[in-house]
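The values are calculated or read from the model by the stated rules, or taken from the named source; none is laboratory data. It should be emphasised that the depicted structure is a prediction, and the values quoted were computed from it without experimental measurement. Here the Cβ positions follow ideal geometry from the backbone for every residue, glycine too, while neighbour counts run over all protein chains shown.
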Amino acid sequence: MTIGTPIALGSANAASGSLTLNLTTTADSPAGATIVVFIASGNTATINSVTDVAGNTYTAGNSLSSGSTKQNIYYCINALALLTGGTITGTWAAATGSKMLGATSVSGVLGKDQEPVGTTGTGTAPAITSDVLGLSGEIIFAQAVAVGGAGDAFTEDAAFTTAGSAANGSAMHWAYKASADLFPVAYGPSLGTSRVWGAKMLALKGAAVVPPGSKGAATTPKFGIFCSGDEYLRLGRNLGVQYQRMNVNNTAGANIGSDQAAAIRDLGIGINLILNNAATTPSSPPADIPTYQSQVAAILDNIRPDLVNIQIEIDAGVFYQSQATAAATATAYLAQLKAAADVCHSTGAYVGQNRHYLIGDSGISSSGTNFAYWNYLWGLGDHSPGNAADVFKAVGLIGPSQGVDGTDARDQVPDAANPTRGIFATAGQADRLTQLTLVNLLLSGLKATGIDYINVHAFWYFNDFSLKQDAVQWVIDTVGLPAMTNAWGQRDRDPQTTRAMYAAARKLRMNWLFWYSVYQKKAQDPGDEDGDLTILGTALRDAVNPQAWMIGRSASASYAIGGLAPAPPPSAPP
């Protein structure tokens with residue numbers, strides 16, 4: 001459930017000295033919604049409380065004094081229903097004049113994320129900025145008071161939506177903004193006349209609801225590895241793979257990859273084709289979509305792959321540092337992915353082309369999966385002592401070397417001992433915050449592109465397998481598509497890890513499983529430089545269902561590179 005659009009409940013003001021001010025509501029606030037009340041007055045008395053006729057209990061923010069006014073924001077989460085014609089009452093410690101009150105109702109709020117320290121000043125530019133947000137999709141309420149500013153012109157911050165105003169001697173304005181990412185939010189309206197001013201802000205996080213699960217009976221994945229030379233073809237033969245993954249540059253012409261594809265096909269093995277926008281590494285998504293689609297169509301018709309993926313790890317640094325913002329990167333990549341899906345499925349401009357290729361995304365990186373799931377778990381908790389187990393679990397998901405430049409990422413996020421620590425907020429960690437924001441944006445937009453599979457990359461280095469498995473499952477459930485992975489591996493040399501990982505892939509119902517088999521990388525290798533199996537490769541081979549090894553293979557096929565013929569399937573494991 002996402003946060004809804006705020007509903008204005010009305011405003012009130014009074015000049016006569018009294019202890020209270022009543023606001024009569026002009027709209028319904030349903031049960032379970034959050035009511036936010038904005039209050040301000042002359043500086044002669046303390047604001048004591050906010051109550052309503054429904055019996056709701058309101059939490060006070062930190063009172064702010066600016067010149068001759070006091071101001072505050074009160075809120076009640078999961079409130080009882082307050083219907084039209086109801087009453088919200090502000091109460092002061094002593095009779096005071098120039099009182100102002102306003103209220104809004106919003107659904108889908110789980111709790112408060114933060115209340116930044118209020119700001120005061122003199123001039124025409126009230127300003128306040130939040131800290132790094134705890135979750136994407138939060139709603140931020142802002143309040144600006146201009147002392148003696150009743151009747152003055154007021155220009156709302158263009159990034160915010162005006163929610164209401166009230167004036168009596170001074171002027172109070174309140175507004176809101178829904179944030180799609182985690183970056184600090186700045187509020188800066190303009191006053192028509194220079195005044196003493198005060199500004200407050202309240203950030204509320206959305207109600208976290210576990211999405212429908214894809215869990216079910218374990219399945220047997222289609223099994224494959226990387227392929228970039230003779231040794232990988234030999235390794236694939238020795239592992240008994242059904243498919244091999246190959247990368248091509250979609251700007252290099254229709255015949256790119258023909259020889260490599262032929263060598264794979266000669267073994268009777270299927271192809272997972274990765275289409276990148278550059279020769280050796282991925283690059284920014286293309287600006288010319290029609291030209292890109294023509295390139296994709298020509299390569300597909302030449303190689304005729306069994307499965308297509310568009311680029312590699314869009315949340316990797318080569319992407320998230322190449323666009324102005326995480327939102328711009330997500331928008332550009334999702335447009336590229338939809339364009340490729342239209343070619344693969346003969347939809348959009350390619351209706352009637354009779355192409356039917358399966359397609360997945362670039363793959364959410366292993367670290368991106370960890371950060372996003374940590375962020376989800378952290379947002380679920382109230383971070384109280386009773387919630388310590390969930391908080392510990394959340395921080396435990398982040399590996400010790402996943403910060404920028406190998407720093408300990410666990411020191412860059414809040415935990416049970418440091419609940420107010422910012423999320424990747426220290427100098428030099430901006431890339432990780434951008435990555436986290438980008439992953440959250442991608443997860444919300446991948447399904448709408450029309451692809452067939454969500455691609456999750458995962459490298460195991462935890463003693464607690466259930467934690468990483470839960471993270472991958474959460475990504476799958478959040479997107480709501482069948483799952484695959486074309487980068488799956490382990491960071492240790494223990495065959496028990498290998499067997500447990502394959503079992504996890506089955507439980508996660510991975511439709512395609514491509515083992516990370518590149519030499520001298522972070523993951524451990526199932527084969528040596530000659531393509532012979534290591535102890536991990538033997539464990540992986542023995543874990544895979546032997547009856548599935550030969551799917552797509554031909555016993556009479558010749559081996560195009562090195563003159564090898566396909567090896568017979570190994571005997572069934574005990």
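Structure notes:
- Among residues of the range 196-208 that are on the phi < 0 side of the Ramachandran plot and at pLDDT below 95, those with a beta-carbon under 9 Å from a residue that is hydroxyl-bearing (Ser, Thr, Tyr) and not in a strand (DSSP E or B) at least six positions away or on a different chain give the pairs 206/2; 206/136; 207/2; 207/107; 208/376.
- The numbered conditions (1) within 19 Å of residue 107 (Cβ to Cβ); (2) buried (at least 16 other Cβ atoms within 10 Å of the Cβ) are all true for residue 143 except (1).
- Failed condition for residue 67, given (1) at positive phi; (2) at pLDDT 95 or above: (2)
- Qualifying residue in the range 9-17 (condition: within 21 Å of residue 201 (Cβ to Cβ) and outside any loop (DSSP other than H, G, I, E, B)): yes
- Spans of strands (runs of 3 or more DSSP E) in the range 44-124 with at least 1 residues in the same structural domain as residue 32 (by TED's automatic domain parsing) and small (Gly, Ala, Ser): 47-52, 64-66, 87-96, 99-106, 109-114, 119-123
- Selection within the range 129-169 - in contact (Cβ under 8 Å) with a residue 40 or more places away in the chain and either within 23 Å of residue 434 (Cβ to Cβ) or not assigned by TED's automatic domain parsing to the domain that holds residue 99 (or both): 129, 130, 131, 132, 133, 134, 135, 136, 137, 138, 139, 140
- Sole residue being closer than 30 Å to residue 226 by Cα, modelled with pLDDT under 80 and not aliphatic (A, V, I, L, M), chosen from 463, 418, 440, 455: 463
- Residue in the range 168-188 that is modelled with pLDDT of 95 or more and part of a loop (DSSP other than H, G, I, E, B) present: yes
- Qualifying residue in the range 258-266 (condition: touching a Phe, Trp or Tyr at 6+ places or on another chain (Cβ under 8 Å) and under 20 Å from residue 511 (Cβ atoms)): no
- The range 53-66, subset farther than 17 Å from residue 23 by Cα and surrounded by 17 or more Cβ atoms within 10 Å (Cβ to Cβ), residue farthest from the chain's Cα centre (by Cα): 66
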